[in-house]
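The values are calculated or read from the model by the stated rules, or taken from the named source; none is laboratory data. From a predicted model like this one, the values you see are computed outputs, not experimental measurements. As a convention, Cβ positions derive from the backbone with ideal geometry for all residues, glycine included, and neighbour counts pool all protein chains shown.
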Amino acid sequence: MRVEFDLSGGYGGLFAKAPLAYRIDTKDLPAETREKLLGMIQGSGLLEGRIRSTAGNTLARDTFSYRISLRDADRTAELTCDDLTAPEAVRPLLGFLKNLAFAER
Amino acid sequence: MIFHRCDCRYVPDAILENLAKRGEGKTPVSARASLQQANMKRKQRESQARSISMDALMAGVSAPSAGTASREVYDCAHKWEQRGKRVRSEGDPTTADDDVTNAYDFAGIVRDFYLREVNRNSIDNAAMNLILNVHYGTDYMNAFWDGDEMTFGDGDGSIFTSFARSLDVVAHELTHGVTQFTASLEYYSQSGALNEHFSDVFGAAITQDHLRQDAGQADWLVGDEIMGPTLFGEALRSMKMPGTAYDNSLMGKDQQPAHMNDYYTGPNDNQGVHINSGIPNRAFYLVAIDIGTPKALQIWYHALQNLWPKANFSDAVEVIVRSAQILTKNKTVPVGTTQLVRMAFNEVGL
C-alpha cells in the first residue's frame, strides 16, 4: 500500500515552508513496522469510507493540519483534517506517521 | 443529513470590512464590532454544526454573555478532547501539576498586563473568561487558539517540552483572541502574517515586562523556553534577527525572512503566516530598541484596533505610522517616533 502523510502549520512554524512529509510503500517497511502501520490503517476506517474530511474551524490559529493518502490495488482514501477535526479513530495513525516522518529526518 | 454551510448576514462582510477600513459608520469601531460579532456567531455555528438542525441554525445564535475574566484550567488527560476535567478555577489553590500552575499563572499575568498597560478587559474587552486546556493529546508538540479557548500539548520530550511552561506561548495564543476581537486579521498571506506578528509582539512585550527587562536586555526569542533537552539554546523565532533562531539536524534551519527581498510567496502555511511574520517582527524590534518596548507596544496596540481583516503589510505600515503620529500628538511617545517607525519599516523593505 502506498502511504503519503503531510503535517503542516503549528505554533512553531517548523513545517511552514515545507510540510513534515512521509512517503512509503508498506512493502518497503520492516515487518514489525509494516504490521503496526497496516493495523492502524485498518483501525482508522479510512479505507472503508467511514471517515470523511471536514471543514476546519476558521477561527483556529496555530493548529496542525494533516493530509493522509492511502492507495493500494483496488482502494484509495484521502483525508485532510486539523487538530480539532481529526477523527478519534485516525489519531493513532496520525501520531505513528508523524513519528515515522521524524525518524527519517 | 446534508448540511450546507450558510454564510448569512444582513450586511455582508465585504461591506462591513470597507466601512471599518475607511473609518466610516457611526464610529470606526461599530463596523469592526459587527464583523467581530459575525465571526463569533460563525464560530458558534461551526462548533454546533454536528448536533443542530438547519432550522435551529437559521433561527440564529445569541452573542456570548460577558464573563468575569476568570481563569479555568482543564486537564485533557492526554486525550484529544478539550475541557476534559476542570482542575483549577479562578481563586483556587495551587495544584501539584506544574502545567496547570503555569497555565493559570501565565494567563493571569497576560490578563493583568492587558488591563494595566492598554486598559483592555480580557480578550474581548468584556471580561471574557480565559479557558486553558493542558495535557492535550499524546506527544502533542503544539499550542493553539480556536476562537474561544487555548490548548497546550506536553511536547514530545525531544524537540519540545510542555508548551504550557512558556509565558510567551500563553501570551501569543491569548493575543490571537485579542486580534480576533479587534482587527480580525484573516489567517492567510499578509493579513495572516500580521496576525502572527501581533501575537509575537505581545508575547515579547509581556515577557519583558514580567522579567523586568528593557529592549536591550531582552533576547527577543520566541519559544526558547520550550525547546527539548538536546536543543538547549535554540528557539522557534527571533524577532531581533529573523532566520537565526535555529539551525540543527532535528529542526532544520529557521526559514523566516528579515526583509521583503526574501518574502515567501509559496502556498504552504496559509501562504506563509509563520514565515513572513519575521519581517514586521524585526520592524517592531527596531522601534522598541529606539523608544523602549512599552512605548512601541502602545503604538502597535493602537494600530491593531484600527486594522481590518484583509489588511496587508502596506496597510499595516500606514496605520502604524498614523498611530505613531496620534500618540506623538498626545505625548504618549516622544517627538521623532513617527520618523523612527518609518525608518524601521524602510529597513525591512516596507
Review point. Since residue B:290 meets every condition but one in (1) farther than 25 Å from residue B:207 by Cα; (2) modelled with pLDDT of 95 or more, which condition does it not meet?
Key: (1)
Practice item. Take region B:210-224 and flag every residue that is out of contact with any helix residue (DSSP H, G or I) (no Cβ under 6 Å at 6 or more places or on another chain) and either in the same structural domain as residue B:170 (by TED's automatic domain parsing) or assigned to a helix (DSSP H, G or I) (or both). Key: B:211, B:224
Exercise for review: Mind telling me which of the residues B:153, B:147 ends up being in contact (Cβ under 8 Å) with a residue 12 or more places away in the chain and on the phi > 0 side of the Ramachandran plot?
Suggested key: B:147
Check your understanding: Conditions: (1) of a type in the set (Asp, Glu); (2) closer than 20 Å to residue B:346 by Cβ; (3) within 11 Å of chain A (Cβ to nearest Cβ). Residue B:262 meets all but one. Number of the miss?
Key -> (3)
Check your understanding: How many residues, within region B:327-350, are surrounded by 16 or more Cβ atoms within 10 Å (Cβ to Cβ), over 18 Å from residue B:263 (Cβ atoms) and of a type in the set (A, V, I, L, M, F, W, C)?
Key -> 4
Check your understanding: Given A:52, A:71, A:75, which one is in contact (Cβ under 8 Å) with a residue 60 or more places away in the chain and surrounded by fewer than 17 Cβ atoms within 10 Å (Cβ to Cβ)?
Key -> A:71
Exercise for review: Starting from residues that are buried (at least 16 other Cβ atoms within 10 Å of the Cβ) and over 13 Å from the mean Cα position of the chain (by Cα), keep the ones in region A:55-68 and report whichever is farthest from the other protein chains (Cβ to nearest Cβ).
Suggested key: A:56
Exercise for review: Kindly provide the set of residues from region B:225-246 that are over 21 Å from residue B:272 (Cα atoms), away from chain A (no Cβ under 11 Å) and not in a loop (DSSP other than H, G, I, E, B), ordered by number.
Suggested key: B:225, B:229, B:230, B:231
**Study point:** Some residue of region A:31-40 being more than 12 Å from chain B (Cβ to nearest Cβ) and small (Gly, Ala, Ser)
**Key:** yes
Exercise for review: Tell me which of these residue B:296 doesn't satisfy, since it passes every other one: (1) touching a residue at least 12 places away in the same chain (Cβ under 8 Å); (2) surrounded by 24 or more Cβ atoms within 10 Å (Cβ to Cβ); (3) closer than 14 Å to residue B:192 by Cα.
Suggested key: (3)
Review point. Among the residues of region B:147-165, which ones are of a type in the set (Gly, Ala, Ser) and surrounded by fewer than 24 Cβ atoms within 10 Å (Cβ to Cβ)?
Key: B:147, B:155, B:157, B:158, B:162
Practice item. Hey, can you tell me all the residues within region B:199-244 that are of a type in the set (Val, Ile, Thr) and modelled with pLDDT of 95 or more? Key: B:201, B:206, B:207, B:222, B:226, B:244
Review point. Residues B:107, B:96: which one is among the small types (Gly, Ala, Ser) and part of a helix (DSSP H, G or I)?
Key: B:107
